[in-house]
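K.L.:
The following block contains the structure, expressed as structure tokens.
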Amino acid sequence: MHHRHRLQRLVRPLCIVSLIMTLGACSSPQRLAYPAVARGEVVDVYHGTAVADPYRALEDMRAPATREFVRAQNALAQPWLENLPQRERLRARLTEIWNHERTGVPRAKGGRLFFTRNDGRQNQSILYVLDAADAAPRVLFDPNVASSDATVALARFQPSPDGKTLAYSLSDGGTDWEIWKFRRVVDGVDLVDEVRYTKFWEVSWAPDGSGVYYSRYAPKTDDPAHGDDHAQPAVYFHKIGDAQRDDRLIYTVRGSRTRTPSADVSQDGRWLFVTLFDGYETNGIDVLDLRDPSATPRTVFGAWDANYSIRGSDGDTLFVQTTNAAPRGRMIAVDVRNPAPSAWRELVPQRDYTLEDSHFVGGRLLLRYVRDAHGIAQVYDRDGRLLADVPVPGLGTLTGFDGSGRDRETFFSFTDYVTPGRVFRLDLSDLSVHAFATPKLAADVTPYVTEQVFATSRDGTRVPLFVTHRRDLVKDGNTPTLLYGYGGFNISTTPTFRAPVLAWLEMGGIYVEANLRGGGEYGEAWHRAGTKTQKQNVFDDFIAAAEFLIANRYTQPAKLAISGRSNGGLLVGATLLQRPELFGAALPAVGVLDMLRYHTASSNARQWSSDYGLADNPEDFQALRAYSPVHNVRSGRCYPATLVTTADRDDRVVPWHSYKFAAALQQAQSCDKPVLIRIETRAGHGAGKPLWMQIDDFADQYAFVAHALGMRGL
């Protein structure tokens, strides 16, 4: 079913001369009549420097003026986008491409397998359980019936160790806030239990299935129905059958107002590991002995000198992934009774490529690496001896390999730019790999090929690019090209299938992903080179990627569009302002765009300071002020055609970032290239967005780019 109510639907005239540029029978292009937005007189002083913030009022998202801003901007954008020549064809083709089976990586508990699956047409994936190897999967939870518009999503799920009870969380309308519920697996009946005031974290079951450990915020003082994400969370234990108000406090952070605790029970049920998060560079871990009711937490990793992740345990031995003395990662064994660094035992040393994730399953160490921005996996024994490379189909992305120390099998998935996720089973007895789920795609992908090339950034750094295009591409500089990037928070951008990308390729375009500094592709040194006062390196890398594509005649500025989400939205916003002449169109989505005030939104946002720094610090302020998109829009310049996208329920990157940026860009635009903002309602940062909403979103974005670049494909 096709939905459009969330953009406050209007009657759509065939040609609205005062609102839209020429489409078909309309007259010649003209500048848009943008909604009037009041400019205030707010001026902040940072370290002696006065900085105007004329759109500060838009930060109050419940104010009548802000609600009117949303209404008026959608009233402008919706008919403009819906009348684009290629929009309906794109929407129809996206619906066809997305109609393929999608299976999540299974989790094994108590002899059962739990996994999500979508038949290709469902707005939300359904959670299934497989009771035995020879049984048929049965539905355990279907989120599609939870709301009329399919905007209630299954956010997370954790089966109990015996596989008899399911903990699952729901997100309503795209919010990061989750409500945990509990369901009997045998008959699918919900228990009375409910856990609120939590976001971002998993729950961890007690070994006997009696309850879960979880992190939660305090309720808001003036609104007890909601959590206060400006407060510091704590770890609680919820016993099944109890009311949440009776949950037992387990752990509170001492000596810091910014560290966030999350708890995980060891595989044998003996230890409770509490990981302390305070940014993306370092962390700490405390441990609690669950066998001793009088035990108090003690520190295992407390130097805050690297990242530490406990990936499994066997008695007193912890198997730990760390960047300590290894910016690309290594595996160590640590005795929980003597965690001093001098007693550590190295299992797998740092490699030439980056250790992205690791698991201890069936007595084996399963390590997932990123090598030149694509995934590989290896199996080691518990002493760090290499047993085998996991065979994978090509240059792509690997996920999965979860399990416990007693499991005899594990599951993983593989995908690349033209291959939907395939799920495989790895038999740990003989390390053989077997297909578990192989989707069929309603498209011929044989005409397309992906090549890896390298651009050179301003300071000489080699920047990898994945370029996907038709095999018969003629490099004459005339091919419309979409360049995507992220470049932050130690996240690696590796090849992943996306239906919109395949539609773009079918339109005759080139799709490019740039692996920028700030990401995790080459380890912690690569990450840090794109953070704080060095954040400009990320934008330089992205600009270098664009210049490489132009110099090597893949495309030209008038045929080049840029795209990015969240931190990638910041990337696009900053880059289009710094080099507007280099691009024909820009798609900054749910972006962090006010770099002087991003940290005021929530305690979670403040923790991004490990990548961004804080305007409170004079040195950070100078760097932030130099690239902050909201503060670097210049009147009288001609900026590329820009479609800003956000959602009014985004509580991760709050939408006022996009509101302020769009208002500033519209006010400054000096030419007839459109600047629009598309504001989704009943949606958040992106997770859990129903299929119909994703199709509408990308149909609008790609039709906008196709129009701006003069494409005629599909």
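K.L.:
Hey, could you check region 174-211 for residues that are of a type in the set (Gly, Ala, Ser) and without any contact (Cβ under 8 Å) to a residue 40 or more places away in the chain and say which is farthest from ASP651 (Cα to Cα)?
P.N.:
Among those that are of a type in the set (Gly, Ala, Ser) and without any contact (Cβ under 8 Å) to a residue 40 or more places away in the chain, it is SER210.
K.L.:
Can I ask one more? Run GLY312 past the list (1) farther than 18 Å from THR494 by Cβ; (2) crowded, with 21+ Cβ neighbours inside 10 Å; (3) free of Cβ contacts under 8 Å to residues at least 60 places away in the same chain; (4) not charged (D, E, K, R) and report the number of the one that doesn't hold.
P.N.:
Condition not satisfied by GLY312: (3).
K.L.:
Something else about it: Which members of region 607-628 meet the condition of being in a loop (DSSP other than H, G, I, E, B) and closer than 16 Å to HIS47 by Cα?
P.N.:
GLY613, LEU614, ALA615, ASP616, ASN617
K.L.:
Kindly provide the set of residues from region 629-680 that are basic (Lys, Arg) and not in a strand (DSSP E or B), ordered by number.
P.N.:
Once the filter is applied, which keeps residues that are basic (Lys, Arg) and not in a strand (DSSP E or B), region 629-680 yields ARG634, ARG637, ARG649, ARG652, LYS660, LYS673.
K.L.:
How do the pairs read when you match residues in region 103-115 that are at pLDDT 95 or above with residues anywhere that are among the charged types (D, E, K, R) and assigned to a strand (DSSP E or B), using Cβ under 9 Å and keeping only pairs 6 or more apart or on different chains?
P.N.:
THR103/ARG117; THR103/ARG422; GLY104/ARG117; PRO106/ARG425; ALA108/GLU409; LEU113/ARG107; PHE114/ARG107; PHE115/ARG107
K.L.:
Could you tell me how many of the residues in region 223-261 are farther than 16 Å from THR296 by Cα and hydroxyl-bearing (Ser, Thr, Tyr)?
P.N.:
Result for region 223-261: 3.
K.L.:
Right, here's the next one. Just to confirm my filter: which strands (runs of 3 or more DSSP E) fall fully inside region 410-474 and include at least 2 residues that are closer than 17 Å to THR555 by Cα and modelled with pLDDT of 95 or more?
P.N.:
Of the strands (runs of 3 or more DSSP E) lying wholly inside region 410-474, those with at least 2 residues that are closer than 17 Å to THR555 by Cα and modelled with pLDDT of 95 or more span 448-456, 462-470.
K.L.:
Say we look at region 245-281 and pick out the residues that are in contact (Cβ under 8 Å) with a residue 40 or more places away in the chain, under 30 Å from the mean Cα position of the chain (by Cα) and open to solvent by 30 Å² or more (accessible area, probe 1.4 Å); which of these is farthest from ILE310 (Cα to Cα)?
P.N.:
Looking at residues that are in contact (Cβ under 8 Å) with a residue 40 or more places away in the chain, under 30 Å from the mean Cα position of the chain (by Cα) and open to solvent by 30 Å² or more (accessible area, probe 1.4 Å), I get THR258.
K.L.:
Filtering region 647-657 down to residues that are open to solvent by less than 10 Å² (accessible area, probe 1.4 Å) and modelled with pLDDT of 95 or more, which residue is farthest from ARG682 (Cα to Cα)?
P.N.:
HIS657
K.L.:
Here's a follow-up. Scan region 664-675 and tell me whether some residue there is open to solvent by 10 Å² or more (accessible area, probe 1.4 Å) and at pLDDT below 95.
P.N.:
Checking region 664-675: not a single residue is open to solvent by 10 Å² or more (accessible area, probe 1.4 Å) and at pLDDT below 95.
K.L.:
Across region 91-127, what is the total count of residues that are part of a strand (DSSP E or B) and more than 24 Å from the chain's Cα centre (by Cα)?
P.N.:
Residues that pass the stated criteria total 4.
K.L.:
As an exercise: evaluate THR175 against (1) surrounded by fewer than 19 Cβ atoms within 10 Å (Cβ to Cβ); (2) part of a loop (DSSP other than H, G, I, E, B) and give the number of the one condition it does not meet.
P.N.:
Against the list (1) surrounded by fewer than 19 Cβ atoms within 10 Å (Cβ to Cβ); (2) part of a loop (DSSP other than H, G, I, E, B), THR175 comes up short only on (1).
K.L.:
Right, next: Condition first: farther than 21 Å from TYR280 by Cβ and surrounded by 23 or more Cβ atoms within 10 Å (Cβ to Cβ). Now tell me which residues in region 329-358 satisfy that.
P.N.:
Listed by number, the list holds a single entry, VAL334.
K.L.:
Test ALA326 against the stated conditions and say whether it is of a type in the set (Gly, Ala, Ser) and either surrounded by fewer than 18 Cβ atoms within 10 Å (Cβ to Cβ) or within 25 Å of the chain's Cα centre (by Cα) (or both).
P.N.:
Answer is no for this residue.
K.L.:
While we're on this one: From the residues in region 128-139 that are in a strand (DSSP E or B) and over 26 Å from the mean Cα position of the chain (by Cα), which one is surrounded by the most Cβ atoms within 10 Å (Cβ to Cβ)?
P.N.:
Top of the filtered list is VAL129.
K.L.:
I would also like to ask the following. Provide a single number: the residues in region 404-442 that are open to solvent by 40 Å² or more (accessible area, probe 1.4 Å), acidic (Asp, Glu) and in contact (Cβ under 8 Å) with a residue 40 or more places away in the chain.
P.N.:
Here the count works out to 1.
K.L.:
Let me ask another. Any residue that is within 16 Å of GLY279 (Cβ to Cβ), out of contact with any strand residue (DSSP E or B) (no Cβ under 6 Å at 6 or more places or on another chain), surrounded by fewer than 24 Cβ atoms within 10 Å (Cβ to Cβ) and not aliphatic (A, V, I, L, M) - is there at least one of those in region 617-637?
P.N.:
The answer is yes; a qualifying residue exists.
K.L.:
In region 389-403, which residues are assigned to a strand (DSSP E or B), farther than 24 Å from ASP264 by Cα and open to solvent by less than 30 Å² (accessible area, probe 1.4 Å)?
P.N.:
THR397
K.L.:
May I ask you to list the residues in region 222-244 that are open to solvent by 40 Å² or more (accessible area, probe 1.4 Å) and either within 18 Å of PRO293 (Cα to Cα) or not β-branched (Val, Ile, Thr) (or both)?
P.N.:
Matches in region 222-244: ASP222, ASP223, PRO224, ALA225, HIS226, ASP228, HIS230, GLN232, TYR236, LYS239, GLY241, ASP242.
K.L.:
State the number of residues belonging to region 184-203 that are surrounded by fewer than 19 Cβ atoms within 10 Å (Cβ to Cβ) and not in a loop (DSSP other than H, G, I, E, B).
P.N.:
Qualifying residue count, region 184-203: 6.
The values are calculated or read from the model by the stated rules, or taken from the named source; none is laboratory data. Computed from a predicted model, the values in this text were never measured in an experiment. Quick reminder, even Gly has a Cβ in these numbers, built from the backbone with ideal geometry, and neighbours come from all protein chains shown. Surface areas here come from the heavy atoms of the whole protein model, side chains and all, with no ligands, DNA or RNA. Shrake-Rupley method; radii C 1.70, N 1.55, O 1.52, S 1.80 Å.
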